[in-house]
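The values are calculated or read from the model by the stated rules, or taken from the named source; none is laboratory data. Only a predicted model underlies this, so the values are computations on that prediction, with no experimental measurement involved. Here Cβ is always computed from backbone atoms with ideal geometry, including for glycine, and neighbour counts include all displayed protein chains. Areas reflect the complete protein model, heavy atoms only, side chains present, ligands, DNA and RNA absent. Shrake-Rupley method; radii C 1.70, N 1.55, O 1.52, S 1.80 Å.
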Amino acid sequence: MSKNSLIINSSPSETRVALLENGQPVEVYIERRQSAGVVGNVYCGRVVRVLPGMQAAFVEIGLHRTGFLYVNDALPRSPDPVIPPNGETAPAKGGNQGSRTQPLANIADVLKQGQEILVQVQKEPIGTKGARLTRHVTLPGRHIVYMPLFRHLGVSHRIESEKERERLKKVLEPCMVNADGFIVRTAAEGIEGEDIEREAKMLQQLWKDVEEDGKKGGAPRLVYADADLVMRATRDLFNDQVGTIQVDRQKDFQRIREFVKGFEPGRESGVELYDKPEPIFDHFGIEVEIERALGRKVWLKSGGYIVIDQAEALTVVDVNSGRFVGKSNLEETITRINLEAVKETAYQMRLRNIGGIIIIDFIDMGEQANREKIHAALEQALERDRAKTCIVRMSEIGLVEMTRKRVRESLGEVLTDACSYCNGRGFIKSEQTVGNEVLRGITRQLNRGEGNATILVNMHPSIADYLYENESEEIEQLELSYKTSIIPVSREGYHQERFDIVTGTSA
């Protein structure tokens with residue numbers, strides 16, 4: 001049985017999913033009711049501006065900012081395949097093009113202002129940038145990805161058996177009847193051909209429905225929404241390396257089991273309903289790691305530490321010796337700290353979902369052999385990362401440049417707001433984040449058997465306002481479930497992240 005698992009925590013306000021490898025959280029995904037993700041969604045959009053100088057266009061799709069559509073992604077059909085981070089062949093994506101790929105046409109010949117087109121979001125709006133769009137729609141299933149506008153049949157590189165690869169290709173070749181294509185996902189290995197054919201027909205029918213709906217016009221509007229976080233995580237992450245799914249809500253438990261049973265009968269036994277009184281993220285040690293992932297400084301076991309500073313498109317990781325002094329050999333001491341920093345940096349990049357350009361400033365080493373050792377260790381540490389990475393060899397002064405593909409906001413961007421206390425130079429947790437922490441703190445208190453008493457929660461006025469305006473329904477549910485009374489109390493002078501829970505009648 002695999003030691004890897006998916007942990008799913010749901011509440012009326014947000015859904016959180018953590019991927020655990022050997023009991024340690026390595027990826028965390030958060031989707032909130034008020035700001036659900038849009039990657040994978042298909043919109044009927046309107047071209048609002050064509051920019052020949054950038055070989056791109058801005059498209060209105062109904063979000064806060066217009067989306068960005070590069071010319072190669074605006075062509076009627078997808079031009080050529082690329083290999084994404086999970087080793088599964090996919091059509092060309094804008095994240096692999098932009099300024100790095102020569103335009104295949106003139107944007108003015110492809111799009112006109114006011115034109116209505118069907119586009120899919122391939123990268124979330126991040127910071128001041130709008131969503132990255134493409135016309136080359138891909139529809140993911142459990143075992144395959146359907147590419148209606150690209151004639152190609154690819155198989156995940158992680159399926160190593162040549163015999164199995166050929167079998168899967170033969171299953172799908174008869175399904176390619178409309179100049180379309182498929183990617184065979186890793187999860188398809190060993191699956192019966194009839195099941196894969198049935199999924200292919202289902203995705204083809206889905207595209208037919210989406211295309212017909214898109215032709216009706218009326219831009220901007222949503223035409224097709226990808227599955228919610230719970231189902232996406234089950235579809236994309238519950239593979240042979242993940243043995244169980246632990247979920248803390250009955251409704252999600254039932255629909256996950258039905259979904260898994262429909263695609264892989266027998267594996268639904270790996271879906272378990274978590275029913276312990278301790279919150280599920282507390283029980284598996286995930287809350288602690290999330291809190292740790294919001295800090296700049298991360299201590300290493302040796303006594304050294306790394307400092308992580310994030311800007312909009314650049315992240316700098318600085319390695320420091322800290323309290324570690326080694327024994328007698330300076331070069332050996334430095335190399336040991338750098339090796340430890342490699343593992344922690346790779347882990348933090350994955351956990352925090354850090355993307356874009358990353359500069360790692362290792363402690364300078366004198367020997368070339370040791371620099372090679374650090375480079376090899378970094379490549380090995382990133383092998384399990386599903387995001388595409390590219391590493392440049394270490395410089396003589398210990399700098400490593402690398403890139404990591406970014407599709408969604410980082411964990412810090414999701415959980416924090418720009419700090420008003422320091423004029424944008426730092427971060428504090430958002431009202432939503434603190435509000436949810438307050439609700440979880442109340443639940444912990446009540447689970448200790450302190451029901452039937454008034455719960456007073458002292459907090460910053462903005463957090464109290466947020467709870468009254470957005471979470472009154474959840475507070476009422478807690479009061480009914482535990483036969484108690486919960487009173488949020490505004491306290492001037494409280495820091496936005498501070499709250500105190502008091503059981504009794506005095507504030």
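At a glance:
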read-out: Whole-percent carbon and sulfur share, accessible surface of the stretch 354-422, 1.4 Å; value: 51 percent
read-out: Of Gly141, Gln348, Ala233, farthest towards positive along the dipole that unit charges on Lys, Arg, Asp, Glu beta carbons give the chain; value: Gly141
read-out: Probe 1.4 Å - accessible area at Thr503, Å² to nearest ten; value: 60 Å²
read-out: With all protein chains modelled, accessible area of Lys112 [1.4 Å, Å²]; value: 120 Å²
read-out: Alpha-carbon Debye profile of the stretch 211-282, log10 I(q)/I(0) at 0.19, 0.22 Å⁻¹; value: -0.79, -0.95
read-out: Extension reserve of the Glu211-Glu367 stretch, reckoned as 0.36 nm per residue once the Cα distance is removed; value: 50.2 nm
read-out: Net +/- balance of residues flanking Glu116 in space, Cβ distance below 13 Å, scoring K and R +1, D and E -1; value: +4
read-out: Rounded D (µm²/s) - the stretch 410-506, Kirkwood Rh over Cα pairs, Stokes-Einstein at 37 °C, 0.692 mPa s; value: 235 µm²/s
read-out: Electrostatic dipole magnitude of the chain [Cβ: Lys, Arg +1; Asp, Glu -1; Cα centre; debye, to 20]; value: 900 debye
read-out: Sparse-neighbour loop sites [GluC sites (Glu not before Pro); the stretch 160-190; at most 16 other C-beta within 10 Å; DSSP]; value: Glu160
read-out: Two-decimal ratio, the chain, of alpha-carbon radius of gyration to 2.2 N^0.38 Å; value: 1.06
read-out: Mean separation of Cα contacts under 8 Å, 6 or more apart, over the residue count of the chain: relative contact order %; value: 13 percent
read-out: Solvent-accessible area per residue, Å², over the stretch 425-482 with all protein chains present [probe radius 1.4 Å]; value: 45 Å²
read-out: Within the chain, percent of DSSP bridges classed antiparallel, to nearest 5; value: 75 percent
read-out: Kirkwood hydrodynamic radius (C-alpha pairs) into Stokes-Einstein, the stretch 119-226, 37 °C and 0.692 mPa s, D in µm²/s; value: 217 µm²/s
